[in-house]
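The values are calculated or read from the model by the stated rules, or taken from the named source; none is laboratory data. Note that the structure is a prediction, hence the values are computed from the model and not measured. Here the Cβ positions follow ideal geometry from the backbone for every residue, glycine too, while neighbour counts run over all protein chains shown.
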Amino acid sequence: MDFETALGSLFTPDGRRNPYPAYDVLREHAPIFSGLDGRWFVTTHALTSRLLRDPSVRVADAAVYDSFWPDWRDNRGVASIVQSMLLTNPPDHTRLRRAAAATFTARRVAAMRDMITAQATDLIKAMPERTDFVSAFAYPLPIAVICALLGVPDTDRNWFREQAADLTVVLEPISTEEEMARADAAGRELEDYFIGLIAERQKAPREDLTSALAAAGSGLTGQELLANLVLMLVAGFETTTNLLGTGLKLLLDQPEQAARLRADPELAPAFVEEILRWDSPVQMAARYASEPLDLGDGLHLAAGADLNLLLGSANHDPERYPDPHRFDPDRPNIQPVSFGGGAHYCLGAPLARLEAQVAFPLLLTMLPRLALAGEARLRDRLVLRGYAELPVTTG
Ligand code: HEM
């Protein structure tokens, strides 16, 4: 495959199904190159890690959106992401992130272990003999967990699933008009939902994140509060669902690895890190250079340059991970860039890890004969990667 074909393939359904051969070609071509509309693509682990931590490499925030799309606030799907911490830079980012992190503490996450175990156990017991693992487990578990944390009644899981799927399309580099209209509708629905919940929690606070963030003194404007709650709900399960689906598919494809984890659940943290590396649920992070960047070797980027950091490619960089396409939970010091890095490092990483570390050993021990039962279907997305459908038999 030549370089142009490799780059083009990332924007086709076939290429998206397995982007790793294309990443290899692009990485061999260069650690960073400009393609499509002058955007820069970053392929190596070293440069991705460096740029994620460089304070002059920022996210495209409201001011940047204003410069190329003055009406972006009219699309509430776009607005809810742009006004959240994900697309905010310091000093606002620091303030938003601090407020959320103060409620999203390591203690609160660790205290979720029993609840996660109980939910996962119930879901496994309820799985019929033949089912779609994504609908029966990979969605409902993270939805139940993030809903419990935010204090959102999870009575309508399918509704959240649909809204999130429509909304997250705004993270893709290319989307159709129809997709953008659906993202707008989903943004409006989710905002309306949280407006109601915030009012309830302000009247009668509970022990949940919505109450904590909605309390006077959290330092967030009403719009920021809404955007960050929508972000946490959506980010809280879309990606974790993909981690659970990808991980289960891998364990069923590689029974010798599944047998190791079944025999020794203490291996779960290493397995989860390697699953995250091997097929990252988030494949790309977008940034721009807020000032001219000197990358060495005579390479200079102008201020305003758009950067796409190919996290999936960085995770398969042979310089950092020998024999990168092999799944090997015994690798030392895995540390994939799947949760990003620097100021925007995933706020929910400890929670996502905990859910997966609990789920995989439970699934393997409670359902020792779990097997694939038909064609697994991937979602057709470049940024958020995972299975839409994973038919299994439970034995
Ligand atoms: C940010 C991945 C689960 C909340 C991020 C970023 C990545 C990521 C790559 C950084 C994006 C960037 O730098 O542009 C993942 C993956 C997950 C996961 C792979 C699961 C396997 C969660 C969960 C939550 C969450 C469970 C729960 C609330 C967030 C938030 C941010 C974020 C709030 C924005 C942080 C900021 O901008 O400071 N995530 N995430 N994520 N994630 Fe996650």
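Exactly one residue out of Thr94, Thr121 is among the hydroxyl-bearing types (Ser, Thr, Tyr) and under 22 Å from the mean Cα position of the chain (by Cα): that is Thr94.
Inspect the stretch 239-254 for any residue being assigned by TED's automatic domain parsing to the domain that holds Asp184, within 18 Å of Glu191 (Cβ to Cβ) and either modelled with pLDDT under 95 or within 13 Å of the ligand (Cβ to nearest atom) (or both) and give the result as yes or no. So far as the stretch 239-254 goes, no, none of its residues is assigned by TED's automatic domain parsing to the domain that holds Asp184, within 18 Å of Glu191 (Cβ to Cβ) and either modelled with pLDDT under 95 or within 13 Å of the ligand (Cβ to nearest atom) (or both). Yes or no: the stretch 179-190 includes at least one residue that is outside the structural domain of Arg16 (by TED's automatic domain parsing), free of Cβ contacts under 8 Å to residues at least 40 places away in the same chain and not in a helix (DSSP H, G or I). Looking through the stretch 179-190, none of the residues is outside the structural domain of Arg16 (by TED's automatic domain parsing), free of Cβ contacts under 8 Å to residues at least 40 places away in the same chain and not in a helix (DSSP H, G or I). Looking only at residues in the stretch 323-355 that are part of a helix (DSSP H, G or I) and within 7 Å of the ligand (Cβ to nearest atom), the one that is surrounded by the fewest Cβ atoms within 10 Å (Cβ to Cβ) is Ala349.
Checked against (1) modelled with pLDDT of 95 or more; (2) buried (at least 18 other Cβ atoms within 10 Å of the Cβ); (3) among the hydrophobic types (A, V, I, L, M, F, W, C), Ala259 meets all criteria but (2).
In this structure, does Asp74 turn out to be more than 21 Å from the chain's Cα centre (by Cα), touching a residue at least 24 places away in the same chain (Cβ under 8 Å) and over 25 Å from Ser211 (Cβ atoms)? Before the answer, list the steps.
Details: more than 21 Å from the chain's Cα centre (by Cα): yes; touching a residue at least 24 places away in the same chain (Cβ under 8 Å): yes; over 25 Å from Ser211 (Cβ atoms): yes.
When the stated conditions are applied, Asp74 passes them.
Just checking, which of Ala268, Ala305 is away from the ligand (no atom under 15 Å from the Cβ), assigned by TED's automatic domain parsing to the domain that holds Gly386 and surrounded by fewer than 24 Cβ atoms within 10 Å (Cβ to Cβ)? Spell out the reasoning first.
Values: Ala268 fails: away from the ligand (no atom under 15 Å from the Cβ).
Answer to the selection: Ala305.
Checking each residue in the stretch 318-330 for being within 19 Å of Ala270 (Cα to Cα) and in contact (Cβ under 8 Å) with a residue 60 or more places away in the chain picks out Arg320, Tyr321, His325, Phe327, Pro329, Asp330. Within the stretch 298-321, the set of residues being farther than 21 Å from Asp24 by Cβ and more than 22 Å from the chain's Cα centre (by Cα) comprises Gly298, Leu299, His300, Leu301, Ala302, Ala303, Gly304, Ala305. Exactly one residue out of Gln283, Gln257 is touching a residue at least 40 places away in the same chain (Cβ under 8 Å), among the polar types (S, T, N, Q) and over 30 Å from Phe104 (Cα atoms): that is Gln257.
Of the candidates Ala270, Ala227, the single residue that is in contact (Cβ under 8 Å) with a residue 12 or more places away in the chain and in contact with a helix residue (DSSP H, G or I) (Cβ under 8 Å, 6 or more places away or on another chain) is Ala227.
Here is a yes/no grid of residues against (1) assigned by TED's automatic domain parsing to the domain that holds Asp61; (2) touching a residue at least 60 places away in the same chain (Cβ under 8 Å); (3) touching a Phe, Trp or Tyr at 6+ places or on another chain (Cβ under 8 Å):
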site	(1), (2), (3)
Pro91	yes, no, no
Ala100	yes, yes, no
Thr117	yes, yes, no
Leu123	yes, no, yes
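From the list Gly35, Gly15, Gly8, which one is out of contact with any Ser or Thr (no Cβ under 6 Å at 6 or more places or on another chain) and under 23 Å from Met180 (Cα atoms)? Answer to the selection: Gly8.
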